[in-house]
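Inspection log for the structure reproduced underneath, given as structure tokens.
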Amino acid sequence: MKTCVTTVMILVLLGGVCAAAQRARRPAQPEDTGPVTVMRSATLRVTIASDTVGVFEYLSIPAKLAEWFPDQAIMEPQLGGRYHFRWKDKAGVRSGVVTEFVRGNTLAYTWLPPGEAFETNVRFKVVSQGAETVVELTHSGFASSAAQEEAVKTWTFYLRNLKSVVEDGTDLRPQVRQAPARRATRPRR
């Protein structure tokens, strides 16, 4: 009886494997998923020698935002609030909606620069780490790696500037604006 049950189980298992193998050999019908869009994101972190509440103010209070990020800022720091950022050296205004707000902890908003086709999302999270604060920025929703790379480059500068402004009171933006444009040089022969 025991041998009979074992043999039946083996045959059932083999039958299942054979059926699976036969299904695998049949030409598969392509799954109808419609157009697929891959969205990319980037997360950057910076540690700032300051308290969490003070650092969060630089992310959410218009006057403090203008010290390190846009030249002019309007920010309604609340869920559903609106913001408008303007830079002296860039055309247009960046505007959007606050999508997440936890005072002293998290701020997120939509991001759509003028001329861009896709709206992305920016999210700041601040976490106390002893006497320091870790600022984690996640920018998500990029449709191309080129757009993602450009955003990482830009955010890297602005997070360095945030750290510099909070810790030393030094705004790095004027140095970048005054830097002469690099010209391509030809090797000497």
Quiz prompt | Principal axis dimensions, region 36-189 - Cα atoms, whole angstrom, descending | solution = 60, 44, 27
Exercise. Using the number of other C-beta atoms within 10 angstrom as an exposure proxy, rank S60, S128 with the fewest first.
Key: S128, S60
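Throughout, read-outs are computed from the coordinates displayed, never taken from laboratory work. None of the values given here were measured: they were computed from a predicted structure. Note that each Cβ is placed from the backbone with ideal geometry, even for glycine, and that neighbours are counted across all protein chains shown.
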